[in-house]
Structures are given as structure tokens and as C-alpha cells.
């Protein structure tokens, strides 16, 4: 399994730079939360939430894309089955072939947030699929010792093996201390300026390949090359 280098946020830097990175992580992940909660409120489970399915719009806002594996009509205590998704982001209950609900998206969000903030997968990354499976099912997630306590505690709550204990299903994720700086109403109304606003590019820039995603979080990235032209989901509150 290849390392997720495209999400790496460097740990080195001044305290001011580190604080800025944390603010960026909280902003972008908060927009992801808004998107997932919007979907779940309408009975939609994405089932393939991962960095490649999160994009940056021309305005600098997060967009969730690719609903090819999504399940519809799943509300409240409803459950479904199906070993569907991208393996590294699958929740334990999906890997085990058990019934599941929207908690699987919160597990995938936790993996994505960990990679976004640390550049590391929180379980053992081995070439052997069996070892990766064992690690996801049995091991506790591990993180670099330099991450903040608030982020560490948030990830611990998102990556609970038991779905019923997972934040997002168990508790209000918007009230987590990691998001204490977020004004959720202003965020949903697009009243908060994104940390980055890419410049629009011509359609020729997107002709030959699909846009890579979340690369704006890398150090010294050129955002002008990463704009979303068409996307699959946009919260009504984020429409111009």
C-alpha cells in the first residue's frame, strides 16, 4: 500500500506556521463534516469517502464527489450490508461483512483527517493485505507524537472499532474542542473565507486527467492548477 504523500502537512516549522496549518485542517475538515451531515440527513451514505473524492472548488471550498458506491434511503437506525469502498478507508464493520450505517463514513473521515494532518495512515501499511486487515481490525490507531492533543482526541473518537461508539453517530462532532474556532452557521452560509482561493483555469487544464485532490494542503503547492470545474455534490447553502 503506497503512502499518502499527497496529503502530507509538514510537522517542521515555526509555531505560527503550525498554528496556521491546524486552522486550515479545522476549516477544511469542518466543511467535510457539513457535507457528510447533509448527505446523512437525506439518507445517503457515501461509502467511499477518501481524499480522492474530496475536491477544492474554484472558490476554495470543499466538495464531496463520486457517488457511484453511495447507498440511499438509509435513515436513523436503518442498516445495510455490502463490502463496498476503498479498502484502506473501510470501517471494521464493512470489512467484517456486518450490517452498518452512516458510521462508516465517519470512520473514513477519520482516516482522511489523519492523513490530511499528518501524512500518515494510522494503521500498519504493509504490502500484505492480510496484515493491513488485521491491523485495522485489531490494532489501535497510532499517530505522530507531535500532533496536538485536540486532534489526537478527535481522531481517537472517530476511529472507534465499535460503530455505536464512533463520533458522528455517538455525540455531536461540531461540539468537539478541535472545532472550537468554527462558527458553523457562518461556515454553512459561506460567510467564512477559505484559506486559499485558486485562480480559475481554462478547460484545457482538465482535459487529460481527473483533478488530484487536497493537494492544496501540501507545503508550497500551486493552487492555480487544482480547480473543480464540475462536481457531484454541493450543499444548497454553498451555492452562489
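The values are calculated or read from the model by the stated rules, or taken from the named source; none is laboratory data. These figures come from a predicted structure and were not determined experimentally. Glycine gets a Cβ as well: all are built from the backbone with ideal geometry, and neighbour counts include every protein chain shown.
Listing for the model above:
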read-out: Which listed residue, of 175, 185, is under 21 Å from residue 114 (Cα atoms), surrounded by fewer than 12 Cβ atoms within 10 Å (Cβ to Cβ) and out of contact with any strand residue (DSSP E or B) (no Cβ under 8 Å at 6 or more places or on another chain); value: 175
read-out: Flag for residue 77 being assigned to a loop (DSSP other than H, G, I, E, B) and at pLDDT below 95; value: yes
read-out: Any chance residue 116 is under 30 Å from residue 197 (Cα atoms) and either crowded, with 20+ Cβ neighbours inside 10 Å or without any contact (Cβ under 8 Å) to a residue 60 or more places away in the chain (or both); value: yes
read-out: Close pairs from region 152-181: first under 17 Å from residue 122 (Cβ atoms), partner surrounded by fewer than 16 Cβ atoms within 10 Å (Cβ to Cβ) and at pLDDT below 95, Cβ under 9 Å, at least 6 apart; value: 178/148
read-out: Boolean, residue 41 is at pLDDT 95 or above, surrounded by 22 or more Cβ atoms within 10 Å (Cβ to Cβ) and under 28 Å from residue 192 (Cβ atoms); value: no
read-out: The listed residue being in contact (Cβ under 8 Å) with a residue 24 or more places away in the chain and in contact with a strand residue (DSSP E or B) (Cβ under 6 Å, 6 or more places away or on another chain), out of 80, 84, 95; value: 80
